[in-house]
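Note sheet for the following structure.
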Amino acid sequence: MPRIVVDVMPKPEILDPQGKAIVGALPRLGFDAFSGVRQGKRFELKVDGEVTETILQQAREAAETLLSNPVIEDVVNVQVVED
Amino acid sequence: MPRIVVDVMPKPEILDPQGKAIVGALPRLGFDAFSGVRQGKRFELKVDGEVTETILQQAREAAETLLSNPVIEDVVNVQVVED
Amino acid sequence: MTDLPLIGDYSAPTTALSGARIGVVTFPGTLDDRDAARAVRLAGGEAVSLWHADTELPDVDAIVIPGGFSYGDYLRAGAISRFAPLMDKIVDAANSDAKLPVLGICNGFQVLTESHLLPGSMIKNDHLKFICRDQVLRVENNQTAWTNQYESGQEITIVLKNQDGQYVADEKTLDELEGEGRVAFRYVGWNPNGSRRDIAGITNAAGNVVGLMPHPEHAVEAGYGPDHTGTDGLGFFTSVLTTLVGGAK
Amino acid sequence: MTTEATEKEFNIDTVENAASSPDVDLPWAELGLKQNEFDEIVKILGRRPTAAELAMYSVMWSEHCSYKSTKNHLRQFGAKVTDEMKKDLMVGIGENAGVTDLGDGWAVTFKIESHNSPSFVEPYQGAATGIGGIVRDIISMGARPIAVMDPLRFGAIDHPDSQRVVHGVVSGIGGYGNSLGLPNIGGETVFDPIYQGNPLVNALAVGKLRHEDLRLANASGVGNKVVLFGARTGGDGIGGASVLASESFDDSKPSKRPAVQVGDPFSEKVLIECCLELFKGSLVEGIQDLGAAGISCATSELASNGDGGMRVELTDVLLRDPTLTPGEILMSESQERMMAVVTPENVEAFEATMAKWNVEYSWLGEVTDDDRLIITWNGEVIVDVDPKTVAHDGPVYDRPFARPEWQDELQANTFRGSVNAAILPQTGDELKAAVLELIASPNMCDKSWITRQYDRYVGGNTALAMPDDAGVVRVDEESGLGVAIATDANGRYTYLDPYVGAQLALAESYRNVATSGAVPAAVSDCLNYGSPEDSDVMWQLAEGIRGLSDACMELGVPVTGGNVSLYNQTGDKAIHPTPVVATLGKFDDVARRTPSGWRADADGQAIYLMGT
Ligand SMILES: Nc1ncnc2c1ncn2[C@@H]1O[C@H](COP(=O)(O)OP(=O)(O)O)[C@@H](O)[C@H]1O
């Protein structure tokens, strides 16, 4: 069954408290290779049947309206994934 | 600057309350093409310099230990992205 | 009384009846540590403040990991705290032959599952909102270090307040928990977060480690508990003191 | 982790440069200054301001920071007080929050503030950062915050936009307050279409302190160090200031600036504990929270309230966004930051506390012996001002006001006096229908769908909260000393009669506190009004302040602080004048509190109606 993956990230200029908490924790666990972390969301939308252009368009719109808050987040990716 | 993207999704057998809420809201907004939604997390780890195999290995370990909880989540993806 | 007590600074003088020393852990973002310390004192024990970054476990007879939002709980509740230096020591002590009694409340329960001292995990409440209410629980197992002063089947009302309180585990684990009598508490009347099989709290096989989502430490003092009167939570703390002085049933 | 200068080199507008280039065009109008205000700045400085000075004056002289339209009226709160009213007042209006003596060496500090327009733009974050801001005000007095409250006004419950605003605001208040471990002990929720485009999100915080822990925002003691700690400085809340990009007079335009601020309650919780540890160790001489106007406000307030001047190196500010220009750094409203003054002997202990709590900090400068506020960028002077002219001597306006022409008609046309009186319910059936309509109204119905999203138990000292009309918290566990607080307002009454309406708001909160068993002792108010440039609104405001101050005098309770929120209007349609009044009462033992909410277990008890 194909799925549409939507990735949403906090806007780069916006404070990301989640990423900040993680970036503080990583070195304490010995993971010292990372200079910054941002935490966003990944949605998988299940489609029964074929992903048409109309459906993909619906996903893009849903991404911009329901799945992300355009004031603080960017939709960075809307993409079909086949299993 | 390269980033490592880590995607974490709730295990299929674990009910995902956020995904469920979205799947309920979508048709109300006229998005009727989706039969299921799951919400997971996307992490972007910033690396200063080149992503070596050691660093990638660190990211994989961080993904399995800190960034996900294997009881409820799966790491579905650890991948380098160049800007 | 002259100074404002600080977080991590609530140890009482050693006047406690039982002489038992109960450690209360503070992580950055812990909120209910002073409440837990108060509960220990009201039960007659001595509260000892423990700091997450400490690398040695001081001489304590039991430990409470209180509620709050450690490290903001932004990633997953309890996910980062689990890696605190003190947690390694607590896990070792809980698993040792001495079987140090450990109680995890709310965020503390989440820390215990993240540390694998208890099975399963917590996800967001099924209704996705924070919920604060007076909650009725049934004590399903009164044989643990933290429940021996309750009757089996007794219904108690304590405070529930959480955002990520939905207890989940796979069916096999749930069956095991039920089979071994390790479901310590169940929600009665209404399941406030969608937890599997109405589970509000569980214990490990030895009965020394107990975790639950609701907050007994907010129900220990008449006037400040559920509906401003309830003190049903005090039994957790008198239970552990009883265990420590060798008087458990 | 202390200082880390930015690599970025701007083409900096220094004081020297300003003196030698008087004719450079500056974007003062875009920054909200009026011609007369700009002229005044030039007069004060004896030259044109630098870009950084312009940034400071423009934010500090804004309505929000300078109270320029209301200052003349607000004076009544300080004037209409008797010695008797001042008896327990340890700190009055003017500081971050007023402080009231509670006895036994204890004191309480409380204040109410608005975060209205940010909460309309982004309800969750707007409301969350509203809680964050008021809590920092309380910390900066040397107090431990012990509870919050949230009087709210929304548009019509069935308006399509209300769902976004209502749920966002409520979860934002819960999300931030719950994470700080502060019980929410009450508030109000009112729905009225008049607030559709201008919801009101007011937030109150109360804190407790020992007398000796009282701290004020002043920088004294030559050679003492100035430190900024907490979150890093980002481009938050400097929307309009992007015009200052031109201050660099180069082409490297800064990157995007955030449209809204995101709160980090975890950082704030750590900041609270860390500050209390500083107070306990007497490690800071003066402290100031960073709210609106950020570093501009903190430096100029600290310096002007102290007995010397201050010198600060701006490249030492830790940044989240390295592209910020000096002016933007001065204006940034990034949350979860504090500024403090520390003696050289205490520097090491201060740093140890920061390390314990893992809080970032940087030393910015020191207190000097002249009375100038000097800010440098890589050693070059970009601000050289008398801090009082920035913080206190802003413009003051006597805005014209007059009773609106429509006021008489509005009053005449009330329910009873009008034809509408004829439709008052008469028969049993009509009364039944009226009662049903009333209890179905969103303003009358149960609010527990809101209050159950708030933690009211944390801390173990909440003696009354929802459903009671006043929240009660214990301050001292041994003696039972405590406080009751109620917040009330009625925009419709105040619209009908701005003078009496404000008094009724006080009377209601006073009653709610008194009936809980406490002795009313202090008042804080949040005056939510439309545009002061409209003479009708200005009249409502003038009458409201006059009414409230007269009533406080009458009841013998002083106003200890508050906040004014203006321009709450859509087009020229202003909200109803909504002075939200919070009364604080004292208990010598909260065990004697009396609940007001109806309780299920009260069967068989008698009910009395008292009064007229
Ligand atoms: N936004 C809010 N935040 C916290 N408490 C609230 C809020 N709105 C209402 N409450 C509380 O809910 C209870 C009932 O409120 P309300 O219905 O307005 O009561 P009343 O009509 O008696 O003033 C009160 O205890 C009040 O403090």
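Tabulated data
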quantity: Whichever residue in the stretch D:212-222 is more than 9 Å from chain C (Cβ to nearest Cβ) and touching a Leu at 6+ places or on another chain (Cβ under 8 Å) and, among such residues, is nearest to the ligand (Cβ to nearest atom); calculated: D:Ala217
quantity: All positions within the stretch D:322-336 that are away from chain A (no Cβ under 11 Å), in a loop (DSSP other than H, G, I, E, B) and surrounded by 24 or more Cβ atoms within 10 Å (Cβ to Cβ); calculated: D:Thr325, D:Ser332, D:Glu333
quantity: Of all residues in the stretch D:256-296 being assigned to a loop (DSSP other than H, G, I, E, B) and among the acidic types (Asp, Glu), the one that is nearest to A:Glu73 (Cα to Cα); calculated: D:Asp264
quantity: Helices (runs of 4 or more DSSP H) wholly inside the stretch D:97-180 that include at least 2 residues being surrounded by fewer than 24 Cβ atoms within 10 Å (Cβ to Cβ) and more than 14 Å from the ligand (Cβ to nearest atom); calculated: D:116-121, D:162-180
quantity: Test: residue in the stretch C:217-240 that is touching a residue at least 24 places away in the same chain (Cβ under 8 Å), under 28 Å from B:Gln18 (Cα atoms) and out of contact with any helix residue (DSSP H, G or I) (no Cβ under 6 Å at 6 or more places or on another chain); calculated: no
quantity: Residue list for the stretch D:188-211, restricted to those being surrounded by fewer than 24 Cβ atoms within 10 Å (Cβ to Cβ), more than 9 Å from chain C (Cβ to nearest Cβ) and within 22 Å of D:Lys586 (Cβ to Cβ); calculated: D:His211
quantity: Residue in the stretch D:437-448 that is modelled with pLDDT under 95, over 36 Å from the mean Cα position of the chain (by Cα) and surrounded by fewer than 17 Cβ atoms within 10 Å (Cβ to Cβ) present; calculated: yes
quantity: Filter result (under 24 Å from D:Tyr176 (Cα atoms), away from chain B (no Cβ under 11 Å) and in a strand (DSSP E or B)) within the stretch C:103-142; calculated: C:Gly104, C:Ile105, C:Ile131, C:Cys132, C:Arg133, C:Asp134, C:Gln135
quantity: Those residues of the stretch B:50-78 which are in contact (Cβ under 8 Å) with a residue 40 or more places away in the chain, more than 30 Å from B:Ala25 (Cβ to Cβ) and more than 7 Å from chain A (Cβ to nearest Cβ), in sequence order; calculated: B:Glu50, B:Val51, B:Leu56, B:Ala59, B:Val78
quantity: Considering residues of the stretch A:1-25 that are touching a Leu at 6+ places or on another chain (Cβ under 7 Å) and facing chain C (nearest Cβ under 10 Å) only, the residue farthest from A:Gln79 (Cα to Cα); calculated: A:Ala25
quantity: Members of the stretch C:68-92 found to be aromatic (Phe, Trp, Tyr) and closer than 21 Å to C:Val168 by Cβ, listed by number; calculated: C:Phe69, C:Tyr74
quantity: Tally, over the stretch D:476-495, of residues that are out of contact with any Pro (no Cβ under 7 Å at 6 or more places or on another chain) and either surrounded by fewer than 18 Cβ atoms within 10 Å (Cβ to Cβ) or in a loop (DSSP other than H, G, I, E, B) (or both); calculated: 8
quantity: Unique residue being of a type in the set (A, V, I, L, M, F, W, C) and modelled with pLDDT under 95 when the list is A:Val23, A:Val5; calculated: A:Val23
quantity: The stretch C:51-69, residues that are in contact with a Leu (Cβ under 6 Å, 6 or more places away or on another chain) and away from chain D (no Cβ under 11 Å); calculated: C:Asp54, C:Asp61, C:Val64
quantity: Filter result for the condition that a residue is buried (at least 17 other Cβ atoms within 10 Å of the Cβ), in contact with a strand residue (DSSP E or B) (Cβ under 9 Å, 6 or more places away or on another chain), free of Cβ contacts under 8 Å to residues at least 60 places away in the same chain and not aromatic (Phe, Trp, Tyr), over C:Gly165, C:Gly194, C:Gly201; calculated: C:Gly165
quantity: Residue that is farthest from the other protein chains (Cβ to nearest Cβ), among those in the stretch D:455-475 that are more than 10 Å from the ligand (Cβ to nearest atom) and charged (D, E, K, R); calculated: D:Arg474
quantity: Scan of the stretch D:215-231 for residues that are closer than 17 Å to D:Pro387 by Cα and part of a strand (DSSP E or B), ordered by number; calculated: D:Val226
quantity: Conditions (1) crowded, with 21+ Cβ neighbours inside 10 Å; (2) at pLDDT 95 or above; (3) within 11 Å of chain C (Cβ to nearest Cβ); (4) within 14 Å of the ligand (Cβ to nearest atom); number of the one not met by D:Arg452; calculated: (1)
quantity: Matching entry among D:Leu481, D:Leu548 (being away from the ligand (no atom under 14 Å from the Cβ) and either within 14 Å of another protein chain (Cβ to nearest Cβ) or more than 27 Å from D:Tyr195 (Cα to Cα) (or both)); calculated: D:Leu481
quantity: Residue list for the stretch B:26-83, restricted to those being assigned to a strand (DSSP E or B) and among the hydrophobic types (A, V, I, L, M, F, W, C); calculated: B:Val37, B:Phe43, B:Leu45, B:Val75, B:Val76, B:Val78, B:Val80, B:Val81
quantity: Residues within the stretch A:35-49 that are among the polar types (S, T, N, Q) and either free of Cβ contacts under 8 Å to residues at least 24 places away in the same chain or out of contact with any helix residue (DSSP H, G or I) (no Cβ under 6 Å at 6 or more places or on another chain) (or both), tallied; calculated: 1
quantity: Per-region count, the stretch D:181-210, residues away from the ligand (no atom under 13 Å from the Cβ) and out of contact with any helix residue (DSSP H, G or I) (no Cβ under 6 Å at 6 or more places or on another chain); calculated: 12
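Every residue, every condition in (1) surrounded by fewer than 20 Cβ atoms within 10 Å (Cβ to Cβ); (2) among the aromatic types (Phe, Trp, Tyr); (3) assigned to a loop (DSSP other than H, G, I, E, B), yes or no:
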residue	(1), (2), (3)
D:Pro532	no, no, yes
D:Met538	no, no, no
D:Arg546	yes, no, no
D:Ala551	no, no, no
D:Val557	no, no, yes
D:Tyr567	yes, yes, yes
D:Val581	no, no, no
D:Lys586	no, no, no
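The values are calculated or read from the model by the stated rules, or taken from the named source; none is laboratory data. Here the structure is a predicted model, which means the values were calculated and not measured. We place every Cβ from the backbone using ideal geometry, glycine too, and count neighbours over all the protein chains shown.
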